[in-house]
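Undergrad: I'd like to ask you about the structure that follows.
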Amino acid sequence: MSQSPRLEVRNLSVRYQTRGGEVHAVNQVSFDVFPNEVFGIAGESGCGKSTLIRALMRLLPENGVSDADLIQYEGQSLDRMSEKKFREQVLWSKIALVPQSAMNSLNPVYRVGDQIIEAIRNHTSQEKHEARSRVEELFDVVGLESDLMDSYPHEFSGGMRQRAMIAMSLALDPGLIIMDEPTTGLDVLVQERILRRIREIRSHIASSIILITHDIAVIAEMSDRIAVMYGGRIMEQAQSEDLFDTPCHPYTLGLKNAFPSIQKLGQELVSIPGSPPSLLGKQTGCPFEARCPFSIDQCVTEIPKIESLGKNHEVFCFRNTDAPQMREQATSMSTWHSSN
Amino acid sequence: MLEYVIRRLIYMLITIFAVASILFVVFRLLPGEATLQVISPAMDDAVQDRMKAAFGLDKPLWQQYFIYLKNLVSLEWGRSFVSAQRVIDILQYRFWNTLLLMASGMCMTLVLGIGFGIIMAWKRNSSIDIGGTIAGLVFQAAPPFVTGLLLLMILSYRLGLFPTGGMYPAGQRPDGVLALLMMPAFWERIVLPTITVGLYYITTPMLIMRDNMLEVLGSDYIELAKAKGLKPSVVMFKHAARNALLGVVTLASIMVGFAIGGQVVVESLFSWPGMGQLMVESAASHDYPVAQGTFLMLAILVIGLNFLTDVWYCYLDPRIKISSTGLA
């Protein structure tokens with residue numbers, strides 16, 4: 001990709017101070033988002049993906065501290081920007097959010113349309129009627145009747161609220177829309193409709209999208225590039241097709257196994273035994289080591305480096321050169337279940 | 001909205017009717033013959049019977065009940081045993097006095113309580129938050145007669161800043177509520193009782209508001225409001241406070257009922273010629289018609305204020321409308 005990235009993040013880390021100690025929720029995460037692409041971040045619950053976007057939007061709770069070597073939006077540094085400037089010039093107008101729980105993200109006591117108008121008028125000098133007609137336009141884009149503008153959130157179904165949230169995120173033509181689990185909690189049919197709608201909208205707008213989800217199927221379908229997160233780190237990052245054709249990290253291999261394939265119907269799914277690591281305290285090795293059937297001694301004592309395999313393919317694993325053999329072995333159930 | 005208001009209005013009338021009926025029973029169950037105050041047993045039996053007949057006391061109880069209801073509606077609430085004034089006239093004067101004091105006390109409680117609650121939640125764990133909680137608990141623990149006496153002692157006797165009691169200077173009774181409101185002397189006198197009432201009741205709305213705010217601030221729509229780049233004050237007041245207010249409004253209607261109890265103490269303490277004082281006086285002098293009228297009037301006041309808070313709640317929370325039609 002020759003274009004300069006829209007968003008550049010270098011070595012972003014987030015720590016939470018808790019009664020039990022320091023939780024390293026996100027560690028040394030680096031990635032770029034290029035114009036007009038969908039960048040998927042996949043990972044199971046607790047892997048730090050929501051914390052990551054909260055840090056980007058400065059929405060961390062009080063006990064959360066983030067620091068980064070660099071966060072840039074179109075070449076402009078965001079991490080050193082004042083609170084006020086960030087709020088006025090970046091939030092929503094440049095980086096908008098479709099939150100994880102659209103069900104509860106609309107304020108129950110205000111009309112849906114008014115909440116979008118509020119976002120528009122907060123960042124522009126538009127008159128109320130101009131903002132209203134913009135909302136009508138947006139409702140049309142996401143497939144909602146424009147007279148629903150004056151309804152309250154409780155009068156909307158889950159799918160309608162999600163559409164309204166997408167409409168809100170589009171309101172100011174932001175360069176980047178972060179979609180945090182946009183289809184979680186919706187039934188499969190509504191999910192499909194929302195995804196189709198997102199794909200349609202994508203072809204009309206110039207925004208880049210960061211799509212965050214634990215749903216491998218959704219991410220495979222939607223993303224141009226994918227980062228796989230585990231234990232607060234990016235394990236592997238590549239073009240979508242590369243990631244699924246030639247996965248290199250044992251965690252990605254495991255994820256791929258756990259995901260039913262339409263071609264190999266009837267084959268038993270192989271899950272990764274064990275549970276995600278506690279992120280309490282400082283990490284001394286690879287976070288996936290405890291569940292990894294391919295781990296070596298070095299994985300316990302040393303934190304791997306991110307190795308580039310060319311073609312924007314990066315992997316966080318000491319044994320990246322053994323990837324072909326690991327790929328072979330990972331398909332058999334015995335590999336995963338004899339390791340511990 | 002209109003349908004909801006009408007339904008509430010009907011509930012209100014039913015409640016008032018129930019209270020009136022209970023009062024009818026209670027006053028007839030009171031130990032001792034109520035009529036003793038007027039019809040002396042020393043009188044001739046024939047005279048006693050005639051007097052009872054004049055009051056309608058010879059009729060069966062159910063007939064008396066309907067006469068009682070009819071009189072209530074037509075505002076014939078009887079005459080005082082003591083002053084022979086019409087009860088309704090006495091109450092009319094006293095009602096406004098009580099309403100004025102209650103309104104100013106409740107306004108202080110709600111405005112300051114809600115305001116401090118918001119600030120305490122905003123500055124959680126700061127010295128404002130901790131100091132506010134301690135102060136609130138102290139005020140709550142201090143009964144109004146103690147707070148009131150302290151205020152009187154310090155601000156009136158020692159510093160001479162405020163008159164010690166009454167509603168207006170002796171011998172200057174204003175004619176009508178408007179004339180009263182125009183008197184500077186009235187405003188001087190309402191300050192101390194207002195503070196006394198206000199401080200006693202401020203704790204509950206303040207702490208409830210604080211807790212509701214903290215809960216609301218953790219909700220998803222607040223995070224979204226922040227993500228929209230709204231100013232912190234807009235997030236706090238427009239998005240969080242309005243939702244947190246819902247619980248306080250529910251509470252306000254309950255508080256109004258309790259406030260009547262405090263009203264009795266405060267009115268006695270500050271010689272405030274309201275219904276609370278009237279209730280004490282009439283009970284002490286066995287003035288049953290006045291006592292009965294006072295109880296009923298206070299009940300109507302509480303029920304009426306509850307009605308107002310219900311309507312306010314409906315305005316604040318659009319979800320109510322749906323559930324109210326759903327119930328029909």
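Rundown of residues vs (1) more than 28 Å from the chain's Cα centre (by Cα); (2) in a helix (DSSP H, G or I); (3) surrounded by fewer than 20 Cβ atoms within 10 Å (Cβ to Cβ), yes/no style:
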| position | (1), (2), (3) |
| --- | --- |
| B:Arg189 | no, yes, no |
| B:Pro193 | no, yes, no |
| B:Glu215 | yes, yes, yes |
| B:Tyr221 | yes, yes, no |
| B:Ser233 | yes, yes, yes |
| B:Lys238 | yes, yes, yes |
| B:Val256 | no, yes, no |
| B:Gly262 | no, yes, no |
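Undergrad: Return yes when B:Arg50 is touching a residue at least 60 places away in the same chain (Cβ under 8 Å) and surrounded by fewer than 16 Cβ atoms within 10 Å (Cβ to Cβ) and no when it is not.
TA: The answer is no for B:Arg50.
Undergrad: Restricting to the stretch A:1-53, name every residue that is of a type outside the set (D, E, K, R) and assigned to a helix (DSSP H, G or I).
TA: Matches in the stretch A:1-53: A:Ser50, A:Thr51, A:Leu52, A:Ile53.
Undergrad: Looking at B:Asn125 and the list (1) surrounded by fewer than 16 Cβ atoms within 10 Å (Cβ to Cβ); (2) touching a helix residue (DSSP H, G or I) at 6+ places or on another chain (Cβ under 8 Å), which single condition is not satisfied?
TA: (2)
Undergrad: Under 7 Å between Cβ atoms, which residue pairs at least 6 apart in sequence (or on different chains) link something in the stretch A:295-310 that is in contact (Cβ under 8 Å) with a residue 40 or more places away in the chain with a partner that is outside any helix (DSSP H, G or I)?
TA: Pairs found: A:Ile306/A:Glu314; A:Ile306/A:Phe316; A:Leu309/A:Cys248; A:Leu309/A:Val315.
Undergrad: I would also like to ask the following. Out of the residues in the stretch A:208-230 that are at pLDDT 90 or above and part of a loop (DSSP other than H, G, I, E, B), state the one that is surrounded by the most Cβ atoms within 10 Å (Cβ to Cβ).
TA: Among residues in the stretch A:208-230 that are at pLDDT 90 or above and part of a loop (DSSP other than H, G, I, E, B), the one surrounded by the most Cβ atoms within 10 Å (Cβ to Cβ) is A:Ser223.
Undergrad: Here's a follow-up. So which pairs qualify, if the first residue must be in the stretch B:224-246 and closer than 24 Å to B:Thr109 by Cα and within 8 Å of another protein chain (Cβ to nearest Cβ), the second must be surrounded by 21 or more Cβ atoms within 10 Å (Cβ to Cβ) and among the hydroxyl-bearing types (Ser, Thr, Tyr), the Cβ gap must be under 8 Å, and the two must be at least 6 apart or on different chains?
TA: B:His239/B:Tyr221
Undergrad: Identify, by number, the condition in (1) closer than 30 Å to B:Leu2 by Cβ; (2) touching a residue at least 60 places away in the same chain (Cβ under 8 Å) that B:Gly262 doesn't meet.
TA: Unmet for B:Gly262, out of (1) closer than 30 Å to B:Leu2 by Cβ; (2) touching a residue at least 60 places away in the same chain (Cβ under 8 Å): (1).
Undergrad: Of everything in the stretch A:258-298, what is within 25 Å of the chain's Cα centre (by Cα), at pLDDT 80 or above and of a type in the set (A, V, I, L, M)? Give them in sequence order.
TA: A:Ile272, A:Leu279, A:Leu280, A:Ala290
Undergrad: When both residues are 6+ apart or on different chains and their Cβ atoms are under 9 Å apart, which pairs have a first residue that lies in the stretch B:112-131 and is outside any helix (DSSP H, G or I), and a second that is of a type in the set (D, E, K, R)?
TA: Close Cβ pairs (under 9 Å, with a partner that is of a type in the set (D, E, K, R)) amount to B:Lys123/B:Asp129; B:Arg124/A:Glu62; B:Arg124/B:Arg210.
Undergrad: Shifting gears a bit: I'm trying to understand the selection: among the residues of the stretch A:153-169, which are free of Cβ contacts under 8 Å to residues at least 60 places away in the same chain, in contact with a Phe, Trp or Tyr (Cβ under 9 Å, 6 or more places away or on another chain) and within 14 Å of chain B (Cβ to nearest Cβ)?
TA: Hits for the stretch A:153-169 are A:Pro153, A:Ala167.
Undergrad: Separate question: Only one of these is surrounded by fewer than 16 Cβ atoms within 10 Å (Cβ to Cβ), among the small types (Gly, Ala, Ser), out of contact with any Gly (no Cβ under 6 Å at 6 or more places or on another chain) and closer than 24 Å to A:His313 by Cα: A:Ala258, A:Ala238. Name it.
TA: The unique qualifying residue is A:Ala258.
Undergrad: Please return the ranges of helices (runs of 4 or more DSSP H) entirely within the stretch A:89-152 where 2 or more residues are facing chain B (nearest Cβ under 10 Å), out of contact with any helix residue (DSSP H, G or I) (no Cβ under 6 Å at 6 or more places or on another chain) and surrounded by 20 or more Cβ atoms within 10 Å (Cβ to Cβ).
TA: A:112-123
Undergrad: Let me ask something additional. Residue check: is B:Glu267 of a type in the set (Asp, Glu), surrounded by 18 or more Cβ atoms within 10 Å (Cβ to Cβ), at pLDDT 90 or above and closer than 30 Å to A:Arg121 by Cα?
TA: Here the answer is no, as B:Glu267 does not meet what is asked.
Undergrad: Restricted to the stretch A:317-340, and to residues that are in contact with a helix residue (DSSP H, G or I) (Cβ under 9 Å, 6 or more places away or on another chain) and not in a helix (DSSP H, G or I), which residue is nearest to A:Gly231 (Cα to Cα)?
TA: Only one residue tops the list, namely A:Cys317.
The values are calculated or read from the model by the stated rules, or taken from the named source; none is laboratory data. Remember, predicted model here, so these are calculated numbers, not experimental data. A quick note on method: Cβ atoms are made from the backbone with ideal geometry, for glycine too, and the neighbour counts reach across all protein chains shown.
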